Each structure stands twice: as structure tokens, then as C-alpha cells.
Amino acid sequence: MASSLTCTGVVWALLSFLCATASCVGFFMPYWLLGSQMDKPVSFGTFRRCSYPVRDEVRQTTVMLEQCGRYASFQGIPSLEWRICTVVTGIGCGLLLLVALTALMGCCISDLISRTIGRVAGGIQFVGALLIGSGCALYPLGWDSEEVRQTCSNSSNQFELGSCEIGWAYYCTAAGALTAMLVCTWLACFAGKKQKQYPY
């Protein structure tokens, strides 16, 4: 099986896949922000939430439903900043995944990735990681929404967590993007083999 990647390119392909996987898993999981409400653990992602209050008509009280799900609609996401974060981070994860899968195919297919294509792929990775980083930077702007304030003892505000804490999925998403931006983008410059010059 012929490869279009150098040894550095194979490392780039594998690391790109790991970074894309870390960012995508972190983005999808609803554990970006952790808190509690009515003595039950509550967690938020950009477009998903675990544990939410519902009205119990039988007992005429509000109870916490302990299950995870996404918001019923895009407009249901608690703040404009989180909606923007969802779109920007989703696009960034898509770009990282696209480059990672292309790089992995380059391990098996000859003449798929040249030096130029590798550098373009590195540029796409940089843009994708920059978008994810922007999404991570926007996320704290939504901490002043009513849903988050109720979960964080009514003491959260923009860039102030109150009684809540940042969850592992936020760190996972950011670490994948940071590694892609700083390491994968650089490795991509040396990933492709020089194309053979054919005399015509």
C-alpha cells in the first residue's frame, strides 16, 4: 500500500485524528459547565443540558428530571452567545474532522497529499482550531443567562462562575483545538511528499 505522506505526515495524520476526535467529543458532550439545582447535579454544553426542572402536575411541584438532552429548538439555547458558540464550534469541529479523515486516507493512497495540499490542509486546520477557540472564548459570555444563574446559586455572571465549575468537556474541546492549531498546523507543512516531476 503506497502512502503519499512522509514519516512526519503519518504523525500529523494520527495527531490530527486525535485532536479532531477530542474536539468533537468535547463539543457534543453536555459537560462544559457543572453546577447543581434543587440538590441535583446539572451540567450544560453549548446545545445540550443534563437535568432540568419540570412541573409535576400530580404533586403540583417542580421536580428535577435527571436525564440529558438537547434543547427543543435552536432558539431554546439559553443565550445568543451560546448559539453563536454552537455554530462556530460546530463548523470548526467539522473542518478538523475533514482534514483528519483526508490525512488518514493519505496514509493509504499515493499521490493524495502533496506538499502544497499538506500546507493547505494545515491552513484549514488552523482556521478550524481558531473557530473552536473562538467558541470556547464566547462560552463564558452566556453565564449570565437565567438558566445558568439558577444552577450557579444566582451568583454567576459573564466570566464569573459563581458556585459552578468548568467541566471536562470544555477542556477536552479546547485542548484538541489548541493542539491542532499549534502542533498539527506546523506538522502539516512537512506532511506531503514532493511530487515527482514527469518529463513530457
_region 1-108 - charge dipole about Cα centre, Lys and Arg +1 at Cβ, Asp and Glu -1, debye rounded to 20_ = 100
_Charge context of T86, other residues only, Cβ under 12 angstrom, K/R +1, D/E -1_ = +2
*How far is helix 168-179 tilted off the main Cα axis of the chain, in degrees rounded to 10, range 0 to 90?*
20
*Could you go through region 48-61 in sequence order and give the Karplus-derived ³J(HN,Hα) for each residue, using 6.51 cos²θ - 1.76 cosθ + 1.60 with θ = phi - 60°, rounded to whole Hz, and x for Gly and Pro?*
9, 8, 10, 6, 8, x, 9, 8, 8, 5, 5, 8, 6, 9
*asked:* Just want the answer: with Cβ charges of +1 for Lys and Arg and -1 for Asp and Glu, which residue in T185, G122, S4 is farthest toward the dipole's positive end in the chain?
replied: S4
*asked:* Once you order the gyration tensor axes a ≥ b ≥ c over the Cα atoms, which shape class does region 1-53 get: rounded for a/c under 1.5, otherwise prolate or oblate by comparing a/b with b/c?
replied: prolate
*Leaving ligands, DNA and RNA out of it, report the carbon-plus-sulfur percent of the accessible area of region 23-109 at a 1.4 Å probe.*
64
*Let me know the charge dipole size of the chain about its Cα centre in debye, to the nearest 20, where only the beta-carbon of Lys, Arg (+1) and Asp, Glu (-1) is charged.*
900
_Cα-based helix-to-principal-axis angle, 115-138 vs the chain, degrees rounded to 10_ = 10
*Just how many % of Cα pairs in the chain lie over 26 Å apart, if you round to the nearest whole percent?*
43
*What does the helix-only formula give at 222 nm for the chain: each DSSP H stretch with n ≥ 4 adding -39500 (n - 2.57), the total divided by the residues, and the result rounded to the nearest 500 deg cm²/dmol?*
-15500 deg cm²/dmol
_Accessible surface, 1.4 Å probe, highest first, among residues D111, D56_ = D111, D56
*Going highest first, how would you order 85-93, 62-70 by mean Cβ packing within 10 Å?*
85-93, 62-70
*Modelled label-to-label distance, T21 and A137, 7 Å Cα→beta-carbon offset: nm?*
2.9
*Kirkwood Rh and Cα Rg combined as Rg over Rh, evaluated for region 116-200*: 1.30
*When the solvent-accessible surface of protein heavy atoms is calculated with a 1.4 angstrom probe, in what order do Y31, Y170 fall, highest first?*
Y31, Y170
_Cα shape, region 68-124, gyration tensor, a/c 1.5 rule_ = prolate
*Of the peptides 156-164, 141-149, how do they stack up when ordered by the mean number of other Cβ atoms within 10 Å, highest first?*
141-149, 156-164
*Taking Cα centroids, how far is region 1-80 from region 111-187 in Å?*
13
*asked:* Could you give each residue of region 143-157 its phi-based ³J(HN,Hα) in whole Hz, using Karplus coefficients 6.51, -1.76, 1.60 with θ = phi - 60°, and x for Gly or Pro?
replied: 6, 8, 6, 4, 4, 6, 4, 4, 7, 9, 6, 6, 10, 8, 8
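The values are calculated or read from the model by the stated rules, or taken from the named source; none is laboratory data. Just so we're clear, the structure is a prediction, and the values are computed from it rather than from any experiment. So basically every Cβ, Gly included, is an ideal-geometry build from the backbone, and we count neighbours across all protein chains shown. Quick note on the areas: whole protein, heavy atoms, side chains included, nothing else; ligands and nucleic acids left out. Shrake-Rupley method; radii C 1.70, N 1.55, O 1.52, S 1.80 Å.
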